[in-house]
Amino acid sequence: EKAKWPKETVDLWAKLSKKEANDIETIQRSIVHHVTTTLARAAYNMDNFSAYQAVALSTRDRLISRWNETQGQLSKIDPKRVYYLSLEFLLGRSMDNALLNMGLKGTYDKSIEKLGFNMEDIIESEVDAALGNGGLGRLAACYMDSLATLDYPAWGYGLRYNYGIFQQRIVDGYQTEYPDYWLNFDNPWELARLDISIQIGFGGHVQTTQDEYGVTRHNWVPGQSVQAIAYDVPIPGYDTENCNNIRLWRSKPTRVFDLTSFNEGNYEKSVEDATNAEKITSVLYPNDNTMAGKELRLKQQYFWTAASLHDIVRRFKKSMREWSDFPDQVAIQLNDTHPTLAIVELQRLLVDEEMLSWDDAWEIVTKTFAFTNHTVLPEAMEKWSVPMFEYLLPRHLQIIFDINLFFLQKVEKKVPNDRGLLNRMSIIEEAQPQQIRMAHLAVVGSHKVNGVAALHSNLIKTTIFKDFVEYYGEEKFINMTNGVTPRRWLHQSNPQLSALITQTLGNDKWLKDLSLLKGLAAKTGDAAFRKKWMTIKRNNKVRLAELIKERCQVEVSPDALFDVQVKRIHEYKRQFMNILSVIHRYRTIKSMTAAQKASVQPRVVIFGGKAAPGYYIAKLVIKLINSVAAVVNQDPAVGDLLKVVFIPDYNVSVAEVIVPASDISQHISTAGTEASGTSNMKFVLNGGLIIGTLDGANVEILEEVGEDNIFIFGCMAHEVEDIRHAQRYRGVPMDPALQGVISAIEKGTFEDPKIFQPLISTLTVGKDFYLISSDFASYIAANQQVDAAYKKQEEWSKKSILCTAHMGKFSSDRSVKEYADEIWNIKPYSVEDEGHL
Ligand code: GPK
């Protein structure tokens with residue numbers, strides 16, 4: 001090949017693959033080239049969407065050339081890599097972010113303007129890549145940004161769903177779901193690698209034979225097979241040439257259809273099976289913090305982990321190293337229990353196909369994997385029924401039973417005669433039918449287990465993994481506090497604040513070292529600076545007010561206090577408590593004289609978030625919010641003192657408008673239930689204060705910003721069980737203010753009260769699992785403190801500045817570096833700009 005080419009051929013290639021310059025004219029040429037050839041359009045029939053497509057394609061060219069250079073150099077260096085396995089990557093839009101990270105935004109702005117288009121309009125044409133539910137999926141996206149920015153050799157592996165998280169519309173106050181067919185137009189942010197295809201088996205049976213040494217060998221003979229096709233999504237780092245990759249798998253039928261049906265001569269059935277193959281990567285499951293237990297979901301999990309592992313193993317084999325070197329070349333991070341089957345699949349490959357001994361294989365496996373836990377909620381713990389599992393993955397079931405047997409033997413040896421302990425720790429739950437506990441399998445098959453905030457990491461050690469901590473020791477269980485990328489969540493979404501910070505600190509180094517924000521603390525005494533700071537906040541509020549007008553047909557004043565709660569709707573997150581407190585506020589205002597009203601702090605209460613389609617109570621909360629909004633917003637006795645809006649279809653790009661515009665945001669989960677939260681970090685980073693419980697990362701935010709700059713209320717995690725017990729068995733009465741609010745609902749103040757009866761029932765004394773009643777008084781009091789503090793605008797502006805100044809810890813760069821040093825043992829490498837395409 002290349003080595004055999006004559007010199008003139010080599011030179012010709014070198015000349016033609018020289019990287020193009022990034023001057024305005026070259027960029028304009030590339031945009032026009034894509035308009036006229038790739039899109040086959042002419043300038044006179046261009047709209048914003050076609051302009052977006054052309055600019056996206058031009059951006060993509062530059063991304064791909066970086067991607068090529070990075071991946072080429074990486075395969076030569078062949079360092080240890082980390083693979084981040086996540087069923088969700090909630091990326092949002094790509095164009096703005098890619099241009100900013102590659103340092104090309106300014107040039108593209110100018111290039112486009114001269115071509116008669118406006119960058120902001122073009123950006124709005126891009127659909128979100130919404131391949132995730134909420135925090136867990138967005139965390140994966142932030143981590144990919146940081147890994148690329150810090151030059152770590154890292155790949156993400158996930159699924160290329162045809163349908164992302166559903167679109168939410170509000171009809172008569174109720175959530176309705178619409179499919180998110182996001183691939184309707186070509187997706188310029190992916191690279192189809194039709195040449196990379198892996199066969200994935202399902203079902204069938206296990207052949208057991210004796211080899212020539214009398215050793216029993218197992219050979220899985222699948223009954224069906226599907227193809228996994230790779231789609232690569234380039235992830236450019238900020239201020240580096242490095243460009244990492246997320247490989248998403250798409251399912252396709254194998255060419256010869258289903259083996260059994262086709263061999264039986266059943267043509268129609270085999271075509272039907274072929275369509276079933278495509279279903280595997282059809283849709284993202286819309287559950288957050290709950291487990292659905294559907295067979296198709298298990299198929300997704302195996303399809304994805306098997307394809308990813310085959311890819312990883314194939315890459316390792318190219319290096320001709322010993323198998324024992326595998327953990328020195330490969331680290332695999334399991335994002336929740338969703339990819340736990342990867343543990344079993346690697347053990348199967350090593351034992352059944354590579355003929356390693358069980359023990360050698362298991363040592364490699366456990367040195368390779370590490371596991372991140374994101375919740376302690378019992379309804380979220382993944383369990384798979386043994387009969388269903390056996391039907392889909394018979395050999396994997398045998399391996400799980402063997403892993404469990406050897407594990408329990410060791411437990412028994414260390415702690416003899418404790419049947420209760422064995423029952424509690426077993427990977428198999430003895431129910432009817434038996435269940436596989438994926439969290440136990442993940443712990444047993446990994447060398448490190450981490451929680452996502454300090455409180456949560458301690459909590460898992462004393463609750464769900466208590467027995468495991470006693471067995472393995474403390475060192476295996478560590479904390480990795482979550483973080484968010486300051487590139488998307490400040491620089492991109494709040495450009496004015498980003499520019500002010502850069503101007504104030506003298507340079508933009510803070511974007512790669514967020515601790516430098518502490519330099520802003522010195523500016524709180526500077527009245528001119530405070531004024532600039534608050535003007536930017538107001539500009540952002542005006543932008544959000546426009547979005548609210550457009551989406552909710554409600555006019556809100558940017559001079560009111562903007563109070564935001566945006567996140568998935570869940571009982572533990574207590575949006576219900578928030579709207580109940582809004583009703584309380586409404587009733588209070590209604591009971592006031594004109595003179596009293598004059599001193600009320602005007603507030604706009606903004607909600608947003610999706611409920612899982614099958615989560616009845618969560619959907620009723622949405623209905624209640626909208627019913628309250630309908631009454632409050634048109635009550636002349638209230639006017640601008642209180643407005644309530646529910647912004648439909650909350651997603652990443654909507655968050656990018658909401659987060660910079662918040663004065664106060666609500667992070668009010670029952671203590672001990674929210675593992676970390678990450679939007680709390682985004683709001684504070686943008687100078688928004690928070691009101692919150694001592695839960696998740698709120699605890700660490702309090703530590704950083706100090707108690708004067710955060711509003712904390714409610715019970716603590718260690719008190720929750722006692723309060724529940726007291727309510728159940730000692731008849732603690734309901735909070736009187738809350739009682740008043742419930743009576744108002746029951747009297748029909750907000751539509752037919754019958755609608756809300758199931759919701760109100762959750763507050764019955766003894767059933768109030770999330771402790772709304774016992775936290776209600778302190779919640780109302782904290783909200784009053786917010787009002788009082790907001791009225792002192794000069795003081796408030798200082799708090800706001802100090803909030804941003806103290807957020808250095810919560811950069812995902814810090815998180816990722818901790819993972820790299822303490823779990824993955826990987827080092828940054830640097831990509832040379834070799835100057836060719
Ligand atoms: C946790 F278990 C889960 C889940 O299924 N989905 C999800 O988004 C979230 N999470 C936690 O609820 C958040 O507290 C946390 O910040 C986030 O994961 C990232 O760790």
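Annotations for the structure displayed:
- Residues in segment 505-518 that are open to solvent by 40 Å² or more (accessible area, probe 1.4 Å) and either free of Cβ contacts under 8 Å to residues at least 40 places away in the same chain or not basic (Lys, Arg) (or both): LEU505, GLY506, ASN507, ASP508, LYS509, ASP513, SER515, LEU516.
- Residue within segment 206-218 that is of a type in the set (Gly, Ala, Ser), in the same structural domain as PRO387 (by TED's automatic domain parsing) and over 20 Å from LEU131 (Cβ atoms) present: yes
Residues are listed down the side, and each one gets a yes or a no for (1) assigned to a helix (DSSP H, G or I); (2) open to solvent by 50 Å² or more (accessible area, probe 1.4 Å); (3) polar (S, T, N, Q); (4) in the same structural domain as MET388 (by TED's automatic domain parsing):
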| residue | (1), (2), (3), (4) |
| --- | --- |
| SER225 | no, no, yes, yes |
| TYR231 | no, no, no, yes |
| TRP249 | no, no, no, yes |
| ARG255 | no, yes, no, yes |
| THR281 | no, no, yes, yes |
| LEU298 | yes, no, no, yes |
| PHE303 | yes, no, no, yes |
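- Beta carbons closer than 7 Å, at least 6 apart along the sequence or on distinct chains, pair a first residue in segment 276-292 that is on the phi > 0 side of the Ramachandran plot and of a type outside the set (A, V, I, L, M) with a second that is within 11 Å of the ligand (Cβ to nearest atom) and at pLDDT 95 or above for ASN289/THR375; ASN289/LEU377; ASN289/ALA380; ASN289/HIS570.
- Any hit, segment 8-27, residues being of a type in the set (Asp, Glu), open to solvent by 30 Å² or more (accessible area, probe 1.4 Å) and closer than 21 Å to ASN97 by Cβ: no
- ALA528 passes every criterion in (1) within 26 Å of ILE668 (Cα to Cα); (2) not in a loop (DSSP other than H, G, I, E, B) apart from (1).
- Figure legend. Inter-residue proximity from segment 623-652: first residues of a type in the set (Ser, Thr, Tyr), second residues assigned to a loop (DSSP other than H, G, I, E, B), beta-carbon distance below 8 Å, spacing 6+ or different chains. Indicated pairs: SER627/GLY173; SER627/PHE750; SER627/GLU751; TYR650/GLY609; TYR650/LYS610.
- Segments classed as helices (runs of 4 or more DSSP H), wholly inside segment 744-819, with at least 2 members that are open to solvent by 40 Å² or more (accessible area, probe 1.4 Å) and touching a residue at least 60 places away in the same chain (Cβ under 8 Å): 772-791, 793-805, 812-819
- Residues in segment 242-286 that are at pLDDT 95 or above and farther than 20 Å from SER197 by Cβ: ASN242, CYS243, ASN244, VAL283, LEU284, TYR285, PRO286.
- Candidate set: segment 430-439, residues that are under 16 Å from MET291 (Cα atoms) and without any contact (Cβ under 8 Å) to a residue 60 or more places away in the chain; chosen: the one least open to solvent (accessible area, probe 1.4 Å): ILE436
- Of PHE371, PHE316, all but one fail to be at pLDDT 95 or above and buried (at least 20 other Cβ atoms within 10 Å of the Cβ); the exception is PHE371.
- Here VAL638 meets the list (1) under 18 Å from ILE548 (Cβ atoms); (2) open to solvent by 40 Å² or more (accessible area, probe 1.4 Å); (3) hydrophobic (A, V, I, L, M, F, W, C) almost entirely, failing just condition (2).
- Here the condition is being touching an Asp or Glu at 6+ places or on another chain (Cβ under 6 Å) and assigned by TED's automatic domain parsing to the domain that holds SER86; of LEU349, LEU309, it holds for LEU309 alone.
- Breaking point among (1) of a type outside the set (Ser, Thr, Tyr); (2) at pLDDT 95 or above; (3) not in a helix (DSSP H, G or I), for ALA56: (3)
- Segment 117-146, residues that are touching a residue at least 60 places away in the same chain (Cβ under 8 Å) and away from the ligand (no atom under 16 Å from the Cβ): PHE117, ASP121, ILE122, ILE123, GLU124, SER125, GLU126, ASP128, ALA129
- In segment 340-389, the residues that are away from the ligand (no atom under 13 Å from the Cβ) and part of a loop (DSSP other than H, G, I, E, B): THR340, GLU354, MET355, LEU356, SER357
- Number of the condition not met by ARG217 [criteria: (1) charged (D, E, K, R); (2) farther than 30 Å from LEU350 by Cα; (3) more than 16 Å from the ligand (Cβ to nearest atom)]: (2)
- Pairs, first closer than 18 Å to ASN101 by Cα in segment 479-490, second in a loop (DSSP other than H, G, I, E, B) and near the ligand (Cβ under 10 Å from one of its atoms), C-beta under 6 Å, six or more apart: VAL484/THR678
- Flag: LYS619 does not match the condition of being assigned to a helix (DSSP H, G or I), among the basic types (Lys, Arg) and open to solvent by less than 30 Å² (accessible area, probe 1.4 Å).
- Near pairs, Cβ below 7 angstrom, 6+ apart or cross-chain, from segment 205-229 (free of Cβ contacts under 8 Å to residues at least 40 places away in the same chain) to any residue that is in a loop (DSSP other than H, G, I, E, B) and of a type outside the set (Asp, Glu): VAL221/GLY204; PRO222/GLY203; PRO222/GLY204; GLY223/GLY203; GLY223/GLY204; SER225/THR254
- In the set ILE428, ILE501, ILE464, only one residue is within 16 Å of the ligand (Cβ to nearest atom) and of a type in the set (A, V, I, L, M, F, W, C); that residue is ILE464.
- Subset of segment 668-709 (residues that are surrounded by 21 or more Cβ atoms within 10 Å (Cβ to Cβ) and without any contact (Cβ under 8 Å) to a residue 40 or more places away in the chain): ASN680, ILE690, GLY692, ASN698
- Counted residues, segment 536-557 - those being open to solvent by less than 70 Å² (accessible area, probe 1.4 Å) and either within 16 Å of PHE607 (Cα to Cα) or more than 30 Å from the chain's Cα centre (by Cα) (or both): 9
The values are calculated or read from the model by the stated rules, or taken from the named source; none is laboratory data. All of these numbers come straight from a predicted model, not from anything done at the bench. In this analysis, Cβ positions are derived from the backbone assuming ideal geometry, glycine residues included, and neighbour counts consider all displayed protein chains. Surface accessibility is based on the protein's heavy atoms, side chains included, excluding ligands, DNA and RNA. Shrake-Rupley method; radii C 1.70, N 1.55, O 1.52, S 1.80 Å.
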